[in-house]
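Written out below as structure tokens is the structure these notes cover.
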Amino acid sequence: MRTSRFTATVLMLYGLLVIAFLYLPLFSVGLASISKARYLSFPIRRYAYGWYGEALASDTVQTLLVLSLKVAGIVTVLSMIIGFFGALAFARYSWRFRKAYQKLILLPIFFPQTVLGLALLMWFNTLGIVPSWKTAVVAHLVWIAPIATLVISIRAYSFDPALEEAARDMGASTWDTLREVTIPLLMPGVVSAGLFAFLLSWGNFPLSLFTTGADSTLPEWLYAKMVSGYSPLVPTVGILTVGSSVVLVALGLLVPWGLRRMRALAGRVPSEQAAQQIPQET
Amino acid sequence: MQRDRQLGLFYALPLGGFLALAFLAPILLVAAFSTMPPKVFSLAHLPDFSAYYTVLTQGYWKSVVWSLGMALAATAILFVICWPLAYGMAKVLGRFSLVLTICVVMTLFVSENIRLFGWVLTLMKGGLIEGYLRHWTGAGFDGLLYNVPVIVFGLVYVYLPFMLFPLAQGIAMVPDDTRQAAFDLGATRWQVLREVELPLAMPGILVGSLLTFVLSAGAIAESKLLGGQAVIVIADEVETAFTYGQNWPLGAALAMVLIAIVGGIAIWGIGRADLDSMMARK
């Protein structure tokens, strides 16, 4: 059934309206970040970019930046590794407790993060571990590793088991099969999972709040400043963190597209078929 | 087959083991602490369950009712707002729905703090809306923050993607032929919606509603940043008991109430979902 042009136009406008609604607060933060006044009030009378220079030069902001990057980087690498194996167990192999395992993985995603952060704080305390950025990595992983697993699972479901069996029949060991067949096939999923993991860790506040101890991440610092009175650095640093996420997503979308274009131009086979080339040595 | 079983279990170990240690164990610890006498910091005491008595008699049920009520309102509003857009994304808009998806997913990577702070700047007295209105018309008002509706508004804003995507997924599962057949047999637009689209899209509706409800019920930042102290939500009570109150058993008992409600709903919903067929279709 064809929907009328009128319906399509109305739905498209509605979509744009929802997007405008989602981005309006960020627009306000952006405006606030270039207001010259120390105490913000709309309408903005004079614009200035000086707060950006000040934010970038600030030692505090640099320390926060390094710490947030460290946490997000480690969370990314670990979620990619845990998620890769987790997804194979989730989607590829049928084994005895698979259904229960699939459900266990979903629970942390549903769980209220503030409560999870507090529960982990009690847990670390009981184990005698002093909270620092390292415990924050653990806290982030409880929430992010399952999400990474789900992202990779979507890819793993479209996996043809015959490819692995073929490799095995040709004499490849479990490790060879993993390296030559499974990893290349799941790679696009692993990369998207890594992107998700980095961005979610980078922006996370509720889990960091209780688990970083004396350390502090960017979202934590922003929150502390927000509730303790306005500082002109809050919108500026906020926009800087949002901007870096946008750049990363743009890279994540453009790089695979560019690679595909280049491959198409070079007339080579797409990676899926390349991965089917089974190891030569028997 | 035997190999599949072994590999499945083996690959599930990293994630499964990690979640057992860093997710299930802390929850068990919270459960144990909730039975301890007031204001102790270790489990070396005789359980007396007095914290639950405090929860029942000190009016904490109000926070539970507020949290659940606002979560219910947000879920209902989100369903109505998201249905037309999800319909458009699944059936009408074609390539434009990819643009919409990217724009909506992008917002998920921005810290909830920054987005809510953006709404504070937009809605406060002297904020984007009131400031420009006063500037252009001379008539100001008191700002739109610090009440219950604005908390629900914040929940609707933050959890929109969690309703939108499952709904679109659900509507995509409604075969066009079935709708066409209903129209051919003389059904009105309303009857098609009620008798064909809603029942067939039910898995998506369920997942979206469960996600938004569960996440909103455990939310805290909306009521803190937008709502001021208009109402205290249950997650806020948990945090206060742990931090300012220094009463871990009370915080643990309050957390157990929230975990029981949220976990009960989540386990019920997850138990009904067939993850293999839902995810493999993507």
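The values are calculated or read from the model by the stated rules, or taken from the named source; none is laboratory data. Every value quoted in this text rests on a predicted model; they were computed, and no experiment measured them. Neighbour counts run over all protein chains shown; Cβ positions are idealised from the backbone, glycine included.
Table for the structure above
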quantity	calculated
Selection count, region B:244-270, where residues are at pLDDT below 85 and more than 18 Å from the chain's Cα centre (by Cα)	1
Helices (runs of 4 or more DSSP H) within region B:125-196 that include 2 or more residues of a type in the set (Phe, Trp, Tyr)	B:128-137, B:148-172
Unmet requirement for residue A:85, which otherwise passes all of (1) under 23 Å from residue B:4 (Cβ atoms); (2) more than 9 Å from chain B (Cβ to nearest Cβ); (3) not acidic (Asp, Glu)	(2)
Qualifying positions in region A:106-123 - farther than 15 Å from residue B:211 by Cβ and within 7 Å of another protein chain (Cβ to nearest Cβ)	A:114, A:115, A:118, A:119, A:120, A:122, A:123
Residue among B:192, B:158 that is hydrophobic (A, V, I, L, M, F, W, C) and closer than 22 Å to residue B:233 by Cα	B:158
Scope region B:157-183; condition β-branched (Val, Ile, Thr) and crowded, with 22+ Cβ neighbours inside 10 Å; matching residues	B:158
Qualifying residue in region A:140-153 (condition: in a helix (DSSP H, G or I), within 10 Å of chain B (Cβ to nearest Cβ) and at pLDDT below 85)	no
Residue A:202 surrounded by 19 or more Cβ atoms within 10 Å (Cβ to Cβ), of a type outside the set (Lys, Arg) and without any contact (Cβ under 8 Å) to a residue 60 or more places away in the chain	no
Output for region B:37-75, where each listed residue is more than 30 Å from residue B:155 (Cβ to Cβ), free of Cβ contacts under 8 Å to residues at least 12 places away in the same chain and in a helix (DSSP H, G or I)	B:53
Criterion: more than 31 Å from the chain's Cα centre (by Cα), buried (at least 16 other Cβ atoms within 10 Å of the Cβ) and not hydroxyl-bearing (Ser, Thr, Tyr) - qualifying residue of B:9, B:43, B:29, B:19	B:9
When residues of region B:107-152 are limited to those that are of a type in the set (Gly, Ala, Ser) and within 8 Å of another protein chain (Cβ to nearest Cβ), the one nearest to the chain's Cα centre (by Cα)	B:111
Meets criteria (touching a residue at least 60 places away in the same chain (Cβ under 8 Å), more than 30 Å from residue A:257 (Cβ to Cβ) and away from chain B (no Cβ under 11 Å)) for residue A:184	no
Within region B:76-100, considering residues that are in a loop (DSSP other than H, G, I, E, B) and surrounded by fewer than 17 Cβ atoms within 10 Å (Cβ to Cβ), the one modelled with the highest pLDDT	B:95
